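Trainee: Before anything else, here's the structure in question.
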Amino acid sequence: MPRLALFAPLAGLLAAVAGVGLLLGGRAITTTETEVIDRVAGLYVSEVGGGVRRTACQARPARSRELWLVISCGPAGARHEYFVDRYGRVADVDRPGGAS
C-alpha cells in the first residue's frame, strides 16, 4: 500500500478541522454588537408583540467569561434579558415570571 493512501485520510481530517476552525473564528470576528442587538430586539418584538418597539432594548457587557452581551428589553417590571455568547447566539433568556 502506498504511503499516500495511508496519510490521505489524516490530511483530509486535518483540512476539515482547519476549515471548521476558520469558519467559527471568522464568524466570531465579523459579528458586531449592532447586528446582535438588532436581531435580539427583533426576537423580543416577535415574542411579546402587542405594539412593543425595538428601541425598548439596550445592551451591556456580560460578566461571565462564556457570554458576550446581556440585552435587556421591555419596561422595568416586565424586563426580558437575553444572554448572548461570543458567536451571537442567544444562550439563555430570563423572562418575567421566571419562564425561560
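Every number here is computed from the coordinates shown, using simple stated rules; none is lab data. Please read these numbers as outputs of a predicted model, since none were measured by experiment. Don't worry about glycine lacking a Cβ; one is built from the backbone with ideal geometry, like all the others, and counts go over all protein chains shown.
Trainee: In debye, nearest 20, what is the charge dipole magnitude of the stretch 7-60 about its Cα centre with +1 on Lys and Arg Cβ and -1 on Asp and Glu Cβ, if you could check?
Mentor: 80 debye
Trainee: What distance in nm separates the simple spin-label points at Leu24 and Arg89, each placed 7 Å from Cα in the Cβ direction?
Mentor: Simple spin-label model gives 0.9 nm for this pair.
Trainee: Nearest 10 degrees, 0 to 90: what angle lies between the long axis of helix 33-48 and the longest principal axis of the chain (Cα atoms)?
Mentor: 60 degrees
Trainee: Per DSSP H run of n ≥ 4, the term is -39500 (n - 2.57); total these for the chain, divide by its residue number, and report the mean residue ellipticity at 222 nm rounded to 500 deg cm²/dmol.
Mentor: -15500 deg cm²/dmol
Trainee: Could you work out the relative contact order of the chain? I mean the mean sequence separation of Cα pairs under 8 Å and 6+ apart, divided by the number of residues, in percent.
Mentor: Here the relative contact order equals 17 percent.
Trainee: If you fit an axis through the alpha-carbon atoms of helix 3-30 and take the longest principal axis of the Cα set of the chain, what angle between them do you get, 0 to 90°, nearest 10?
Mentor: 20 degrees
Trainee: Test of understanding: ordering Tyr82, Tyr44 by Cβ neighbours within 10 Å, fewest first, what list do you get?
Mentor: In order of increasing Cβ crowding within 10 Å: Tyr44, Tyr82.
Trainee: Take the Cα pairs of the chain, get the Kirkwood Rh, then feed it into Stokes-Einstein at 20 °C and 1.002 mPa s and tell me D in µm²/s.
Mentor: The diffusion coefficient I find is 135 µm²/s.
Trainee: Same structure again: Have a look at Gly42, Ala91, His80 and report the one farthest towards the positive end of the charge dipole of the stretch 32-100, computed about the Cα centre with Cβ charges (Lys/Arg +1, Asp/Glu -1).
Mentor: His80
Trainee: Further question on the same structure: Can you list the residues, at least 5 places off or on another chain, whose amide H is less than 5 Å from the amide H of Arg86, using H built in the peptide plane?
Mentor: Placed amide hydrogens put Trp68 under 5 Å from Arg86.
Trainee: Another one. If you place +1 on the Cβ of every Lys and Arg, -1 on the Cβ of every Asp and Glu, and leave all else neutral, what size is the dipole of the chain about its Cα centre, to the nearest 20 Debye?
Mentor: Roughly 140 debye, rounded to the nearest 20.
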